[in-house]
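The values are calculated or read from the model by the stated rules, or taken from the named source; none is laboratory data. All values derive from a computational prediction rather than experimental measurement. Neighbour counts are summed over all protein chains in view; Cβ atoms, including those assigned to glycine, are modelled from backbone coordinates with ideal geometry. The accessibility values were calculated without ligands, DNA or RNA, using every heavy atom of the protein model including side chains. Shrake-Rupley method; radii C 1.70, N 1.55, O 1.52, S 1.80 Å.
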Amino acid sequence: MKIIELEIKTHKLEEMQRFYTDQIGFPLDHYTEHSFTVRIGETKLSFVQEEGEAIPYYHFAMNIPENQIVEAKEWLQHRVAIIIDAMPIDYLGIQAEANIAYFKGTDAHAIYFEDPSGNLVEFIARHRMDNTSKKPFGSSSILNISEIGFPLQNTVPEAIEFLSSRINVTPYIGDGKSFQMLGDEHGMFILGDIEIGWYPTRRIPETHPIRMTILHNEYNEFHLPGYSYVIRTVTDVSN
């Protein structure tokens, strides 16, 4: 699965734009009074002003070259205040050293930080992917958004069945009951019950609007029943 576009809400639009363009260095694709979009490799990431009283926050991950997690951490330390502590969890197969997590089940290393809206952002180096790079790490090294968290209210099995019936995604890692990664290394939904905190902060997720576009073999648009998660499918990136 390839995520072409991801649109989420923020209550700090101007601060977020400065963060993602000036601090992180992503190219600004376009902006309006109420939104802006940056390019992250193959994905467009858009933030839209939250007009109500909600303070939205999300969890999403970005793929980086599989051999550059240490370089990515060194680069990121000059751009964000804190690299979030990564903790080992033996029964989940999670190891951690120097705030770099290693996930045995997916053979991947990851680092985490929070942006000004409180979003939990992850850089992940997936060793099953053939994307080794010899170039110095920078913002242009970040390949795409590969994960978006869908917090759910005890409906993980139903979400798996619904999404699998409409797009070509299969279970990756998870118990299929309270947690499931659905998709592949290029892109996946992270389906989790809302009482389970996101690793590594353990902050309990909330449901906030998400709009996204993915590559598929037909055009379609639907929402996950019971949630403001809208998924659009297109056959090529020009649609």
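Of everything in region 57-111 that's part of a loop (DSSP other than H, G, I, E, B) and among the charged types (D, E, K, R), which residue is most open to solvent (accessible area, probe 1.4 Å)? Among residues in region 57-111 that are part of a loop (DSSP other than H, G, I, E, B) and among the charged types (D, E, K, R), the one most open to solvent (accessible area, probe 1.4 Å) is 104. Scanning region 37-71 for residues that are among the aliphatic types (A, V, I, L, M), under 12 Å from the mean Cα position of the chain (by Cα) and closer than 19 Å to residue 237 by Cα yields 40, 45, 62.
Could you please let me know if residue 126 is open to solvent by 40 Å² or more (accessible area, probe 1.4 Å) and charged (D, E, K, R)? Taking the combined requirement at face value, the residue does not satisfy it. Here is a list of conditions, (1) assigned to a loop (DSSP other than H, G, I, E, B); (2) among the β-branched types (Val, Ile, Thr); (3) closer than 18 Å to residue 183 by Cβ, and residue 132 meets all of them except one; can you say which number that is? For residue 132, the exception is condition (3). Taken over region 135-168, the criterion of being crowded, with 19+ Cβ neighbours inside 10 Å and either over 30 Å from residue 77 (Cβ atoms) or among the aromatic types (Phe, Trp, Tyr) (or both) is satisfied by 137, 150, 152, 156, 159, 160, 163, 167.
Give the residues of region 49-78 that are under 29 Å from residue 33 (Cβ atoms), out of contact with any helix residue (DSSP H, G or I) (no Cβ under 8 Å at 6 or more places or on another chain) and not hydroxyl-bearing (Ser, Thr, Tyr), sorted by residue number.
From region 49-78, those under 29 Å from residue 33 (Cβ atoms) are 49-60, 62; that's our starting set.
From what's left, out of contact with any helix residue (DSSP H, G or I) (no Cβ under 8 Å at 6 or more places or on another chain): 50-60, 62.
The answer is 50, 51, 52, 53, 54, 55, 56, 59, 60, 62.
Of all residues in region 90-113, one or more are more than 30 Å from residue 236 (Cβ to Cβ), at pLDDT below 95 and of a type in the set (A, V, I, L, M, F, W, C).
Name the residue, out of 96, 125, 61, 110, that is hydrophobic (A, V, I, L, M, F, W, C) and touching a Pro at 6+ places or on another chain (Cβ under 6 Å).
96
Any idea which residue in region 150-201 is farthest from residue 59 (Cα to Cα), counting only those that are assigned to a loop (DSSP other than H, G, I, E, B) and either of a type in the set (A, V, I, L, M) or in contact with a Gly (Cβ under 6 Å, 6 or more places away or on another chain) (or both)? Here the residue is 167. Residue 103 falls short on exactly one of the conditions (1) within 30 Å of residue 50 (Cβ to Cβ); (2) without any contact (Cβ under 8 Å) to a residue 40 or more places away in the chain; (3) within 18 Å of the chain's Cα centre (by Cα), and that condition is (1). Filter region 25-43 down to the residues that are in contact (Cβ under 8 Å) with a residue 40 or more places away in the chain and either surrounded by fewer than 19 Cβ atoms within 10 Å (Cβ to Cβ) or of a type in the set (Asp, Glu) (or both), then identify the one that is farthest from residue 77 (Cα to Cα). Taking the candidates together, the pick is 42. Note on region 221-230: residues that are out of contact with any strand residue (DSSP E or B) (no Cβ under 6 Å at 6 or more places or on another chain) and aliphatic (A, V, I, L, M) amount to 1. Considering every residue within region 179-198, establish whether at least one is open to solvent by 80 Å² or more (accessible area, probe 1.4 Å) and under 25 Å from residue 103 (Cα atoms). For region 179-198, residues open to solvent by 80 Å² or more (accessible area, probe 1.4 Å) and under 25 Å from residue 103 (Cα atoms): present.
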